[in-house]
6 protein chains.
Amino acid sequence: MAPRVYVARRFHFSAAHRVYNPAWSDEKNAEVFGPCSHPSGHGHNYELEVVVAGSPNPDTGYVIDITLLRKAIEAQVISQLDHRNLNTDVPFLKGCIPSSENLIVALWKEIAALLPPGVELVRLRLWETPRNCFEYYGEYI
Amino acid sequence: MAPRVYVARRFHFSAAHRVYNPAWSDEKNAEVFGPCSHPSGHGHNYELEVVVAGSPNPDTGYVIDITLLRKAIEAQVISQLDHRNLNTDVPFLKGCIPSSENLIVALWKEIAALLPPGVELVRLRLWETPRNCFEYYGEYI
Amino acid sequence: MAPRVYVARRFHFSAAHRVYNPAWSDEKNAEVFGPCSHPSGHGHNYELEVVVAGSPNPDTGYVIDITLLRKAIEAQVISQLDHRNLNTDVPFLKGCIPSSENLIVALWKEIAALLPPGVELVRLRLWETPRNCFEYYGEYI
Amino acid sequence: MAPRVYVARRFHFSAAHRVYNPAWSDEKNAEVFGPCSHPSGHGHNYELEVVVAGSPNPDTGYVIDITLLRKAIEAQVISQLDHRNLNTDVPFLKGCIPSSENLIVALWKEIAALLPPGVELVRLRLWETPRNCFEYYGEYI
Amino acid sequence: MAPRVYVARRFHFSAAHRVYNPAWSDEKNAEVFGPCSHPSGHGHNYELEVVVAGSPNPDTGYVIDITLLRKAIEAQVISQLDHRNLNTDVPFLKGCIPSSENLIVALWKEIAALLPPGVELVRLRLWETPRNCFEYYGEYI
Amino acid sequence: MAPRVYVARRFHFSAAHRVYNPAWSDEKNAEVFGPCSHPSGHGHNYELEVVVAGSPNPDTGYVIDITLLRKAIEAQVISQLDHRNLNTDVPFLKGCIPSSENLIVALWKEIAALLPPGVELVRLRLWETPRNCFEYYGEYI
């Protein structure tokens, strides 16, 4: 029996997006989404917190080498988002309205695929602004 | 089956309060509550985080329009607290010692009543100072 | 003789931009600006701190009513930037590469024009990210 | 010739205040100060940054022992403000409208009196909220 | 039936550590731990958040007097860590690789022992840097 | 005549230090420096803000390419400090009591030497903890 410890790492990326539904007219988009749907887009400094869980390895005291975790997520995930436009530039968001809700669900799959055995993805937090935050735990309803 | 995503929004208000029990003498209040019970009161910049959960609407990518959520809570709840005295000015705190514990439980009822169907209140966090924080999940024991 | 006090207020806006020089080829832009020049743009949560100075009015204790200052700058300046694209949507940035250096110099003129007599604009600070910040004091060299 | 280094320390206090002019009617106070003048008051978590300057002592590498500076300011100044009402409880604010402008000027005198020879008070910063800040450099105009 | 409220308090300590396994050679330590294992050590400003839960006492509105909680944890726990070397100076870390995972599990036992009846320890968060954070809920797997 | 704009970039490093004067006994060090002088040392997460000034280049809108500035300072300066012991591991601190005052003065020389013509170093800020900060402007007295 070993303690279950949670390890969290924060990432940063700057991206543009426009929240709109391509099936709708510009008028309907403006009515539903307001300034979030301005045609030339806007952008954010996103903060992403990735939380994994597991037991500390008795030889290292680590659940996971946080430097390796950081490098894998930066190379495979953040590099696809940073200084990009979420509507047009990100393969794993293709065909998806780039709301933070849809972004965080898409990030779950990308990040879970990078974790070694024995380390479980348990929570993502995504700040769109310092006051607007989204969380996902891999749950379905 | 749809993903369950959590949406959090932070609010700010500045208020005065004095923690004391009107059934007790000033001496007993001073003894139990110390400087929190100084007769002329003191105050805080409170930060409140409201977390709701639901499934993103496929047409909008939103669990809830966070701007509408923000406006409803500001108009119905924050406006009753900001630049007010929690002991004397807030109808929904009448008869209640304005500790942060009691405040957060009272806030739960006010905020839950404002949410549309399909959106569930799941967590409140209330910072009284940057180092003192209170959480409530609607639980009873 | 009256004390000179500085009053600072922070503002927030989310905007898209692309740093590029329209006189250059896409290749030269990519070479000079790197990912900041990706064609579809990217974006930031900007924080702007406006600092003015003056003497407190003996009747009010205020250098300036910070609520009035806030409302004027939000209505006249922030509303032109928030949820906008700095390359295409902002009249006072027309013809200007929207680097944070050029943005802060342009903001100085917009904000100085809004101040009442006896209140002097002394400093602007503009955070493009939490780690990149720009300051302007109205100086020329 | 020795380098001049600036040493800054932050303090925290929670206080109530009501911004009003006792020479005016409640109506005039409400008209001029708005919600800042509500009769039962409101409050803030104030942050105060004290900045002093001097040359590092060659034997210690210190301009001043920051622990001694902290203890002196906590004991002599912060203790008079924390968990107090600025309108009624603070001797050095007697007769003064407790705006942050007046508070910061009053704090200058209190703090300057505590510094040892060779250490100069150069700047105070007082945050009333995370977005409203006041600075004072001891200047008169 | 009474509401269950969570009360969180943050603590700060500055400590040195070196992540290494004394059963390994310096070469193996360098290979596995990289710069975290430099022989002379390095250090951090740790932030610790302690979260307890219980029902507010009807007479006080408090789950626990947060000032008493703070003083007990500072006197019994933080004082053992602040301005110390985690490899050599802390009795409750004896024989343990001072990774943040091992530190947070050790802290659980120290802090749980200090709580009065009716107040339950539910979560610890430990920030090693602003971007690296560890959580523990007392779980075993 | 061109505007003079200030560009600030923040850096992070984690290091151990012990404040003590090798010319003194352990007793005198303990008496003067208290816990800052514990023999096994302690450590901090340092934040360093580097501020340079110049005129924006009309072709780029930049005073300096902040990515190049960042990379040069990380490679030449931060790499010498991060995950190191300031008493023993840093060539440019040799023979110097590693107080933050002495560290910031030493950093000035290291960083000034890296700047291109037309870009002037104007301010360093060094946070030892979130509440203790040091500033240096290259001044001598």
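Details
- Chain D and chain B together bury an accessible surface of about 1600 square angstrom, both sides counted, with a 1.4 Å probe and no ligands or nucleic acids included.
- Across peptide E:94-105, the mean count of Cβ atoms from other chains lying within 10 Å of each residue's own Cβ comes to 5.
- Averaged over the residues of peptide B:13-23, the number of Cβ atoms from other protein chains lying within 10 Å of each residue's Cβ is 5.
- Taking only the C-alpha atoms of the range B:74-135, the Rg (one decimal) and the largest Cα-Cα distance, Dmax (whole number), read 12.2, 35 Å.
- Taking the DSSP beta bridges with both ends in the range D:5-136, the antiparallel portion is around 95 percent.
- Using a 7 Å Cα-to-Cβ projection, E:F92 label spacings across copies, nm, ascending: 3.8, 3.9, 3.9, 4.0, 5.5
- Kirkwood analysis of the Cα pair distances in the range D:100-141 returns a hydrodynamic radius of 11.1 Å.
- For E:Q76, inter-copy label distances in nm, listed shortest first [label point 7 Å out on the Cα-Cβ vector]: 3.7, 4.3, 4.3, 5.2, 5.9
- Average beta carbon contacts from partner chains per residue of D:75-88, 10 Å cutoff: 3
- Principal axis extents of the Cα atoms in the protein assembly as shown, from largest to smallest and rounded to whole angstrom, are 75, 71, 64.
- Reducing the range D:39-107 and the range C:1-40 to their Cα centroids gives an inter-centroid distance of 37 Å.
- As a fraction of the 1.4 Å probe accessible area of the range C:22-141, surface on carbon and sulfur atoms comes out at 53 percent.
- Alpha-carbon Debye profile of chain E, log10 I(q)/I(0) at 0.17 Å⁻¹: -0.94
- Scanning chain F for the beta carbon that comes closest to the axis linking it by rotation to A yields F:H12, 6, distance in whole angstrom.
- Averaged per residue, the range C:5-136 has 37 square angstrom of accessible surface, using a 1.4 angstrom probe with ligands and nucleic acids left out.
- Of the trypsin sites (Lys or Arg not before Pro) found in the range F:30-104, those that fall in a DSSP loop while having at most 16 other beta-carbon atoms within 10 Å are F:K94.
- Ascending distances from the D:D26 label point to its copies in the other chains, with the point 7 Å along the Cα-to-beta-carbon line: 2.3, 5.4, 6.8, 6.8, 7.7 nm.
The values are calculated or read from the model by the stated rules, or taken from the named source; none is laboratory data. Given the structure is predicted, the values throughout are model-derived calculations rather than measurements. Don't worry about glycine lacking a Cβ; one is built from the backbone with ideal geometry, like all the others, and counts go over all protein chains shown. Ligands, DNA and RNA are stripped out before the accessible areas are found, and what is left, the full protein with its side chains, is counted by its heavy atoms. Shrake-Rupley method; radii C 1.70, N 1.55, O 1.52, S 1.80 Å.
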